[in-house]
Amino acid sequence: MNYKYFIHEDCSFYPCHDLKDWRSCLFCWCPLYLLECGGDYVMTRGMKDCSACTIPHGEDGYDYIFEVVNSQVYQSAPVR
């Protein structure tokens, strides 16, 4: 399951959060940005500011993101 974790140490923004236990850069741009994510964000001038959220970078981030995407995008989509 090592595909769940990727760290891009050469990125000019790495680390983008002050985390003691960094796990992954895989979801640098979070797929939950346009969804009701359950993360720690604030709305600023109509835009989601997710800079305080660390869900994508944590140990369970991959599984959490896929669970939310599956429940909000795929399971709510009309069956063809």
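Here, each number is a calculation from the coordinates, and none is a lab measurement. Keep in mind that what you see is a predicted model, and the values were worked out from it rather than measured. Every residue, glycine as well, gets a Cβ built from its backbone with ideal geometry; the counts of neighbours run over all protein chains shown.
Considering the convex hull of the alpha carbon atoms of the chain, report its projected area averaged over all viewing directions, in nm², one decimal.
Hull-based average projected area comes out at 6.9 nm².
Counting each DSSP H run of 4 or more residues in the chain as -39500 (n - 2.57), what helix-only mean residue ellipticity at 222 nm follows after dividing by all residues, to the nearest 500 deg cm²/dmol?
Result for the chain, helices only: -3000 deg cm²/dmol.
As I understand it, the dipole of the chain uses +1 on the Cβ of Lys and Arg and -1 on the Cβ of Asp and Glu, about the Cα centre. Which of Tyr33, Phe13, Gly58 lies farthest toward its positive end?
In the chain, that residue is Tyr33.
So, in nm, how far is label Phe66 from label His8 when the simple model puts each one 7 Å beyond its Cα toward the Cβ?
2.1 nm
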